[in-house]
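Taking it in order: structure first as structure tokens, then the write-up.
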Amino acid sequence: MSSQIDIVCISGTREKLQMAAMIASVAAATGDEVTVFFSMNALTYFIKGHTEDPPTEGEFGEMLTKKGVPPFKQLFQQASELGDAKLLPCSMAMDLLEITENELDSEFGPPTGLTKFLSGTEGGQLLTF
Amino acid sequence: MSETRIIDACNTYCPGPLMELITYMKQAKVGDTLELLSTDSGTADDVPEWINKVGHEMVSSEKIGEVWHIKVRKSK
């Protein structure tokens, strides 16, 4: 049975972005309805042309980089392409970063306010990274 | 004619092999068999779970040396 999974991504560290991307991609590809809301330090990694790796929290983050773990951006992309996951940028974070929708990676949906995001999460599981 | 396709996802980690399988499954035709090769032991648990949830068919799963060979058939 499919369910609704809503993920809030706010940390800009390798481990947290990775875990969020893993859950988003697997859940979306399995038929769950997935929405990921990006704000705070997490959003900057999805500005077009941003290639810098996020800092790691610890040893595990270093291992993610060294061993052949699929990169988090690729997993979010697969979540969107294979499972129709919605990737939504926080409109407040976009205002602070002074960026427009066109400056984000193409899988991203429209800038979304908290009220709209929260009204869509009703009844689903909400995970925060 | 149904085909068998081998997907080599060795030396990548969860959820890499599963996502590769799903990518090829989307492109395959009903009746095609896909054989996924993986060195990630979690894959052996995750693939049957995914197949069961999505409604395809598990054909076989065996570990030869360090490599899992997981065969599945697209059924819809």
Checklist entry - Of all residues in segment B:18-40, which are assigned to a helix (DSSP H, G or I), in contact with a strand residue (DSSP E or B) (Cβ under 7 Å, 6 or more places away or on another chain) and not charged (D, E, K, R)? => result B:Leu21, B:Tyr24, B:Met25
Next on the checklist: Take the residues in segment B:22-42 that are exposed (fewer than 14 other Cβ atoms within 10 Å of the Cβ) and closer than 24 Å to A:Asp84 by Cβ; name whichever of them is nearest to the other protein chains (Cβ to nearest Cβ).
Outcome noted: B:Lys26
Checklist outcome for this item: Those residues of segment A:17-64 that are among the small types (Gly, Ala, Ser) and touching an Asp or Glu at 6+ places or on another chain (Cβ under 6 Å) come to a total of 1
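Counting only residues that are more than 9 Å from the chain's Cα centre (by Cα) and more than 20 Å from A:Thr65 (Cα to Cα), which one in segment B:7-23 is modelled with the lowest pLDDT?
It comes out as B:Thr23.
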Next on the checklist: Contact list please: Cβ distance under 6 Å, first residue in segment A:25-43 and part of a loop (DSSP other than H, G, I, E, B), second residue among the aliphatic types (A, V, I, L, M), pairs at least six apart or on different chains.
Outcome noted: A:Asp32/A:Ile5; A:Ser39/A:Ile10; A:Ser39/A:Ala93
Checklist entry - How about segment B:43-76: which of its residues are within 11 Å of chain A (Cβ to nearest Cβ) and not in a loop (DSSP other than H, G, I, E, B)? => result B:Asp46, B:Glu49, B:Trp50, B:Ile51, B:Asn52, B:Lys53, B:Val54
Item to check | Filter pass, B:Thr12 being within 14 Å of chain A (Cβ to nearest Cβ), polar (S, T, N, Q) and part of a loop (DSSP other than H, G, I, E, B) | outcome: yes
Checklist entry - Can you tell me which residue in segment A:44-93 is surrounded by the most Cβ atoms within 10 Å (Cβ to Cβ), limited to those that are of a type in the set (Lys, Arg) and within 12 Å of chain B (Cβ to nearest Cβ)? => result A:Lys67
Checklist entry - Which condition does A:Phe117 not pass, out of (1) away from chain B (no Cβ under 14 Å); (2) among the aromatic types (Phe, Trp, Tyr); (3) out of contact with any strand residue (DSSP E or B) (no Cβ under 7 Å at 6 or more places or on another chain), if it passes all the others? => result (3)
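The values are calculated or read from the model by the stated rules, or taken from the named source; none is laboratory data. All values derive from a computational prediction rather than experimental measurement. Please note: Cβ atoms are built from the backbone with ideal geometry, for glycine as well, and neighbour counts cover all protein chains shown.
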